[in-house]
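The values are calculated or read from the model by the stated rules, or taken from the named source; none is laboratory data. Everything quoted here is computed from the prediction, not taken from an experiment. All Cβ positions, even for glycine, are placed from backbone atoms using ideal geometry, and neighbour counts span all protein chains on display. Keep in mind that these areas ignore ligands, DNA and RNA; they rest on the heavy atoms of the full protein, side chains included. Shrake-Rupley method; radii C 1.70, N 1.55, O 1.52, S 1.80 Å.
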Amino acid sequence: MLESVRDLAPIIAVIGFFQLVILRQPIPDLGGLLIGTVLVVLGLTLFIHGLKVGLFPIGESMAHDFARKGSLFWLLAFAFALGFGTTVAEPALIAVADEAAKVAATGGMIENTDPARESYADGLRLTVALSVGAAIVIGVLRIIKGWPLQFLIVGGYIGVVIMTFFAPPEIIGIAYDSGGVTTSTITVPLVTALGVGLASSIQGRNPLTDGFGLIAFASLTPMIFVMGYGIML
């Protein structure tokens, strides 16, 4: 809990400084703000503890088990399912997809009805989830084959730039933001644990240099997939 307070202290200090010194306004609803801060500290403490005792160990242990099993098919199937499942349940992605559907309806891209907005949001979520699943598969293959990370990342961003010229302007901002919202509270711990555990299990692989990098793919591929989704609409 003390670590959580320490981590949140800079944010609290920044808000307090600009509110009291720059804006020179009293803090609204101070009681509610203090209660909310306490809840955030408690939630962050429990979340970090849960990662340490639950998500990280299970991700690493499953990676070790799949490596010992020696089946590339089931390892890749697990990698895709993990990327897809964690992303489709990502709260940040759900919020962004719902907001994008509202804006699209207001801007006349889709009908301004509940079914149309829901269909648009669900399509966006599934597209991003599929892209992350594909990204984790590529990342796992990179660890197994020893492919250089920098070449894949540079090639991916070249693809992003090229697709930007062909995608509808209305979808480009959403596509770029989707790369960030996918790598949040649920996806990052499990995917990171998978990469580190897999690199630790394969002879000749270094967990430090080979185990990390899956998150980079998970941030990159949604931009390509979402722009493709916008082109096909």
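Add -39500 (n - 2.57) for each DSSP H run of 4 or more in the chain, then divide by its residues: what number comes out at 222 nm, to the nearest 500 deg cm²/dmol?
It comes out at -26500 deg cm²/dmol, rounded to the nearest 500.
Which order do the peptides 185-195, 100-110, 118-128 take when ranked by the mean count of other beta-carbon atoms within 10 Å per residue, highest first?
Result, highest mean Cβ count within 10 Å first: 185-195, 118-128, 100-110.
Mind checking which lysines have their C-alpha under 18 Å from Lys69, skipping anything on the same chain fewer than 8 residues away?
The qualifying lysines are Lys145.
Across 5 Å bins from the origin, how do the percents of Cα pairs in the chain run, short distances first?
Each 5 Å bin holds this share of Cα pairs: 1, 7, 12, 14, 14, 13, 12, 12, 9, 4, 1, 1, 0.
Per residue, how much accessible area does segment 64-143 have with a 1.4 Å probe, in Å²? Walk me through the numbers on the way to the answer.
On the way: 3750 Å² over 80 residues.
Accessible area per residue: 47 Å².
Ignoring ligands, DNA and RNA, please state the percent of accessible area on segment 124-196 from carbon and sulfur, probe 1.4 Å.
76 percent
Post the alpha-carbon centroid distance, segment 100-157 to segment 1-34, in whole angstrom.
Measuring centre to centre over Cα atoms gives 35 Å.
Which aspartates and glutamates, on any chain, are close to Lys52 with Cα under 12 Å apart, when same-chain ones fewer than 8 places away are left out?
Glu60
What's the ranking of 158-167, 222-231 by average number of surrounding C-beta atoms within 10 Å, highest first?
Numbers: 158-167: 13.7, 222-231: 23.0.
Taking the mean over residues of other Cβ atoms within 10 Å, the ranking is 222-231, 158-167.
R0 = 25 Å: FRET efficiency of Leu46 with Asn112, Cβ-based, nearest 0.05? Could the numbers behind the result be given before it?
Values: r = 40 Å, r/R0 = 1.60.
E(calc), rounded to 0.05, equals 0.05.
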